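The values are calculated or read from the model by the stated rules, or taken from the named source; none is laboratory data. Just so you know, these numbers come straight off a predicted model, no measurement behind them. Quick reminder, even Gly has a Cβ in these numbers, built from the backbone with ideal geometry, and neighbours come from all protein chains shown. What goes into the accessible areas is simple: the full protein's heavy atoms, side chains included, and nothing from ligands, DNA or RNA. Shrake-Rupley method; radii C 1.70, N 1.55, O 1.52, S 1.80 Å.
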Amino acid sequence: MGNHHSYDVVVVGAGIVGLAHAYHAHQRGLSVAVVDHADGVVGASVQNFGHACITAQSGVARDYARNGRQHWLDLSRKAGFWSAESGTFCVARHDDELAVMGEFAAMRGDDEVRLLSREQILEQIPVVSSGVTGGMYLPNDLQVDPRTAAPSIARWLAGEGVDFHWRTAASGFEPGVVH
């Protein structure tokens, strides 16, 4: 990285995953640098739908998602990007789909999954009504603005003392050194 700086953690890649690592390392009081070959946050991290899917995860991913939910909301406030505790509506168009939603609701409970009748789901979202048998609402899912979330987090982290090395390629690693 040109002149030799020393950091506790060097993150290669300023996508949302790299930024998350930088955020958590910085929160633990470590000195952090982020290296990225581009001149800003690009790629999938600014082109996705901005849907933070919490409820549909399972196993260890579900624990990560539930913990991550609060980090998204905190970072939205601190870094100043739009987020909404909007939840997710899922439409069933066949009885077997509705049955699977029913099993999922029974497994997860009311605080995570709410089954909706045909009338209730059609009241909530503008979908073609033919064939709709019902649906479910997942209240814990979030939405963020994908175009501003990651760039805002990078800007905020830079202001908090994380060093960003844009237009910098990481070409190799050896113990304790990034080239």
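For the range 110-129, state whether one or more residues are under 20 Å from the mean Cα position of the chain (by Cα), charged (D, E, K, R), more than 30 Å from Ala154 (Cβ to Cβ) and open to solvent by less than 50 Å² (accessible area, probe 1.4 Å). Checked against the condition, which is being under 20 Å from the mean Cα position of the chain (by Cα), charged (D, E, K, R), more than 30 Å from Ala154 (Cβ to Cβ) and open to solvent by less than 50 Å² (accessible area, probe 1.4 Å), the range 110-129 yields at least one hit. Can you name the condition, by its number, that Ser152 falls short on among (1) more than 27 Å from Ala14 (Cα to Cα); (2) among the hydroxyl-bearing types (Ser, Thr, Tyr); (3) buried (at least 19 other Cβ atoms within 10 Å of the Cβ)? The one condition Ser152 does not meet is (1). Being under 16 Å from the mean Cα position of the chain (by Cα) and farther than 26 Å from Leu115 by Cβ is true for just one of Gln27, Gln47. Which residue is that? Of the residues listed, the single one that is under 16 Å from the mean Cα position of the chain (by Cα) and farther than 26 Å from Leu115 by Cβ is Gln47.
Of the helices (runs of 4 or more DSSP H) lying entirely inside the range 12-90, the ones with 2 or more residues being open to solvent by 30 Å² or more (accessible area, probe 1.4 Å) and modelled with pLDDT of 95 or more are found at 16-27, 59-79.
Condition test on Glu160, is it open to solvent by 30 Å² or more (accessible area, probe 1.4 Å), under 25 Å from Ala22 (Cα atoms), out of contact with any strand residue (DSSP E or B) (no Cβ under 8 Å at 6 or more places or on another chain) and in contact (Cβ under 8 Å) with a residue 60 or more places away in the chain? Against the criterion (open to solvent by 30 Å² or more (accessible area, probe 1.4 Å), under 25 Å from Ala22 (Cα atoms), out of contact with any strand residue (DSSP E or B) (no Cβ under 8 Å at 6 or more places or on another chain) and in contact (Cβ under 8 Å) with a residue 60 or more places away in the chain), Glu160 qualifies.
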